[in-house]
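The values are calculated or read from the model by the stated rules, or taken from the named source; none is laboratory data. The model shown is predicted, which means the values in this text are computed figures rather than measured ones. Note that we place each Cβ from the backbone using ideal geometry, even for glycine, and neighbour counts take in every protein chain shown.
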2 protein chains.
Amino acid sequence: MPRVVIVGSVALDDVQTPFGKVENALGGSAVYAGIACSLFSKPGIVGVIGSDFPKKYLDLLAACGIDLTGLETDSAGKTFHWAGRYGLDLNSANTLSTQLNVFENFTPKLPDSYRSADFLFLGNIDPGLQLDVLKKMEKRPKLVVADTMNLWISTMREKVLEVVKEVDICLMNDAEARQLFRTPSIVGAARQILALDSKIAIIKKGEHGAVMFGKGIHFACPGYPLENVLDPTGSGDCFGGTLIGYIAKTNDLSLKNMRKAVVYASSVASFNAEGFSVEKVSSISKKDIDMRYREFGRFVKF
Amino acid sequence: MPRVVIVGSVALDDVQTPFGKVENALGGSAVYAGIACSLFSKPGIVGVIGSDFPKKYLDLLAACGIDLTGLETDSAGKTFHWAGRYGLDLNSANTLSTQLNVFENFTPKLPDSYRSADFLFLGNIDPGLQLDVLKKMEKRPKLVVADTMNLWISTMREKVLEVVKEVDICLMNDAEARQLFRTPSIVGAARQILALDSKIAIIKKGEHGAVMFGKGIHFACPGYPLENVLDPTGSGDCFGGTLIGYIAKTNDLSLKNMRKAVVYASSVASFNAEGFSVEKVSSISKKDIDMRYREFGRFVKF
């Protein structure tokens, strides 16, 4: 029985950066969030793959301790495929192609063993599906965290706002926050997230770190000073997966503990960017993460 | 006798932001840095104004306790004039016009009372002039801080690199650091600054705060979460002026003290963005700054 249920995409990615490229590499929001979460708590993922999904990837996910009962195989089609390229500014990807494939008609099904989980992570899929998964839970989980992405904000803004209303922690990157609330100010966007009933807004800012806003609290975690970013794909999902994984492990929803969770999330997200696909995040140890966590403490001390 | 000598531009600015506009407002790097510095230590500015420079601005600078012996009047011309506009993304200005006027043939002259100052701030003027001012000092100051800007990096890159070599603290914004060292990585750029003999590299990142790099040390200060930025013009100069003003006041060049200086600098820079021209930075108190300084401490605590 997973402690954290994670819904999101499972993908095969083609990624080019100035430092190399990979084809049909393991990717997708549920995959990155799941692997990152598994460093702290047992995740179960909800998603779909096609007939072409390599067994070695399933083995890798299982080896990370991820429950795959909720990972459906649709043999009539191919796995969701994303191709993107990063220029020298590694902060944002150019999408070259998106083939939804089996993801196009996907309706998440929750195995019984998932339905009573206390922690739910809604990765960046169609906001209608995010709400649907939340409804299918046996009881309201203790903590629901949702991510989103620019595509849904452009095409289904009202639904995204509904998700913001329903969840406890609303996670998005700075460009998405600006776009969703039509404001140049991250602070203004965060205030609107809180006004919509989300208890916490966490804005991810890539190399600039992350900021957390709650009622009367503000927390800022800097970016880890990486010199060699190989491939930032999935770092935002790793952030989300670690965040909920750490909170689930400690079972402590206090704001104090959430600050720690944000720093752990930043630590794991930074490691992920140092390798292509899930190469790095699937090979780091608790000790590596703790070391970087302590470094963050030194970075901000004055 | 000023404790800190500040060389830079003295300007009349036309600024438009989505929240208002000003015309022929007091501006320029020496002005912003000087006012900010005056909150901690006595600055003397080196610069030039034309016949059109309003007396009320001279009065304001004098009222801040700024030594104006080094401020030359060239009655044959008009004051340096800059016009810029900010869009909803207040992170970068579009320059509408730059009229150098009396600044075009300016050669900084150092009054005798300035030549033995222990602290020197080289604001973002022509790097040749920055080096010239440094040479004119009676002895090498205890601390030299230099700022630069994209214009000089495009037109006089080698000279800018010479300045980097000569000074103790090299200050620039993230876009300038990337441009100067032709790298997408701020960390890589900072490493190159240190390799060029500058002891400290401080990269200003606007709303994302500032990062400081030294031998074996890294310090990150987040941006202050401002909801209502009115006009960010001069905030980078306020950062620099506060930095050197605080270090001069405490007369403590330790890295530990420089971390504090960066936080004070961020505090003053954030206040500056809350008003047009020098409106806000010239009206804040030591108590305001201290309050924000302590807030920064709470923002990063985990």
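What residue, of A:Asp147, A:Asp174, is under 28 Å from A:Gly188 (Cα atoms) and under 14 Å from the mean Cα position of the chain (by Cα)?
Working: A:Asp174 fails: under 14 Å from the mean Cα position of the chain (by Cα).
The match here is A:Asp147.
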Next on the checklist: Out of everything in segment B:272-302 that is among the acidic types (Asp, Glu) and more than 14 Å from every other protein chain (Cβ to nearest Cβ), what residue ends up being nearest to B:Cys221 (Cα to Cα)?
Outcome noted: B:Asp288
Checklist outcome for this item: For A:Val229, the lone unmet condition from (1) part of a loop (DSSP other than H, G, I, E, B); (2) modelled with pLDDT of 95 or more is (2)
Item to check | Checking B:Arg259 against (1) charged (D, E, K, R); (2) under 20 Å from the mean Cα position of the chain (by Cα); (3) facing another protein chain (nearest Cβ under 10 Å); (4) under 22 Å from A:Ser185 (Cα atoms), the condition it does not meet | outcome: (4)
Next on the checklist: Residue pairs, Cβ under 6 Å, 6 or more apart or interchain, first in segment B:12-35 and on the phi > 0 side of the Ramachandran plot, second in a strand (DSSP E or B) and surrounded by fewer than 20 Cβ atoms within 10 Å (Cβ to Cβ). List them.
Outcome noted: none
Checklist entry - Of all the residues that make up segment B:163-202, how many are over 21 Å from B:Thr242 (Cβ atoms) and touching a Cys at 6+ places or on another chain (Cβ under 7 Å)? => result 1
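May I ask you to verify whether A:Asp89 is surrounded by fewer than 15 Cβ atoms within 10 Å (Cβ to Cβ) and at pLDDT below 95?
On the way: surrounded by fewer than 15 Cβ atoms within 10 Å (Cβ to Cβ): yes; at pLDDT below 95: yes.
When the stated conditions are applied, A:Asp89 passes them.
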Item to check | Within segment A:1-47, strands (runs of 3 or more DSSP E) holding 3 or more residues that are crowded, with 24+ Cβ neighbours inside 10 Å | outcome: A:4-7, A:11-17
Checklist entry - Which condition breaks for B:Arg294 when tested against (1) in contact with a helix residue (DSSP H, G or I) (Cβ under 9 Å, 6 or more places away or on another chain); (2) modelled with pLDDT of 95 or more? => result (1)
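Give B:Gly275, B:Gly206, B:Gly245, B:Gly214 a once-over and let me know the one that is modelled with pLDDT of 95 or more, under 24 Å from B:Tyr86 (Cβ atoms) and among the small types (Gly, Ala, Ser).
Values: B:Gly206 fails: modelled with pLDDT of 95 or more; B:Gly245 fails: under 24 Å from B:Tyr86 (Cβ atoms); B:Gly214 fails: under 24 Å from B:Tyr86 (Cβ atoms).
The match here is B:Gly275.
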Checklist entry - Of the residues in segment A:158-180, how many are away from chain B (no Cβ under 13 Å), of a type in the set (D, E, K, R) and in contact (Cβ under 8 Å) with a residue 12 or more places away in the chain? => result 6
Next on the checklist: Out of the residues in segment B:102-130 meeting the condition of being surrounded by 21 or more Cβ atoms within 10 Å (Cβ to Cβ) and among the polar types (S, T, N, Q), tell me which one is nearest to B:Asp52 (Cα to Cα).
Outcome noted: B:Asn124
Next on the checklist: Suppose we filter segment A:251-290 for residues that are in contact with a Cys (Cβ under 6 Å, 6 or more places away or on another chain) and hydrophobic (A, V, I, L, M, F, W, C); how many remain?
Outcome noted: 5
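Here is a list: B:Phe299, B:Phe239, B:Phe271, B:Phe219. Which entry is under 26 Å from B:Ser116 (Cα atoms) and not charged (D, E, K, R)?
Numbers: B:Phe299 fails: under 26 Å from B:Ser116 (Cα atoms); B:Phe271 fails: under 26 Å from B:Ser116 (Cα atoms); B:Phe219 fails: under 26 Å from B:Ser116 (Cα atoms).
The unique qualifying residue is B:Phe239.
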Checklist entry - Which of the residues that make up segment B:181-196 are more than 12 Å from chain A (Cβ to nearest Cβ) and either among the basic types (Lys, Arg) or within 21 Å of B:Lys256 (Cβ to Cβ) (or both)? => result B:Ile193, B:Leu194
Checklist entry - Can you spot a residue in segment B:274-286 that is of a type in the set (A, V, I, L, M, F, W, C), buried (at least 19 other Cβ atoms within 10 Å of the Cβ) and part of a helix (DSSP H, G or I)? => result no
Item to check | When residues of segment B:181-222 are limited to those that are touching a residue at least 40 places away in the same chain (Cβ under 8 Å) and surrounded by fewer than 23 Cβ atoms within 10 Å (Cβ to Cβ), the one nearest to B:Lys21 (Cα to Cα) | outcome: B:Gly206
Next on the checklist: Looking at segment B:226-239 only, could you name the residues that are touching a residue at least 40 places away in the same chain (Cβ under 8 Å), under 20 Å from A:His208 (Cα atoms) and within 12 Å of chain A (Cβ to nearest Cβ)?
Outcome noted: B:Leu226, B:Val229, B:Pro232
Checklist entry - Scanning segment B:197-220 for residues that are more than 23 Å from A:Asp89 (Cβ to Cβ) and in a strand (DSSP E or B), which turns out nearest to the other protein chains (Cβ to nearest Cβ)? => result B:Phe219
Next on the checklist: Tally up the residues in segment A:92-113 that are touching a Lys or Arg at 6+ places or on another chain (Cβ under 9 Å) and either under 30 Å from A:Gly70 (Cα atoms) or within 14 Å of chain B (Cβ to nearest Cβ) (or both), please.
Outcome noted: 9
Item to check | Residues that are surrounded by fewer than 24 Cβ atoms within 10 Å (Cβ to Cβ) and either facing chain A (nearest Cβ under 10 Å) or of a type in the set (Ser, Thr, Tyr) (or both), drawn from segment B:240-253 | outcome: B:Thr250
Checklist outcome for this item: Given the conditions (1) in a loop (DSSP other than H, G, I, E, B); (2) closer than 20 Å to B:Gly275 by Cα; (3) more than 19 Å from the chain's Cα centre (by Cα), every one holds for B:Asn91 apart from (3)
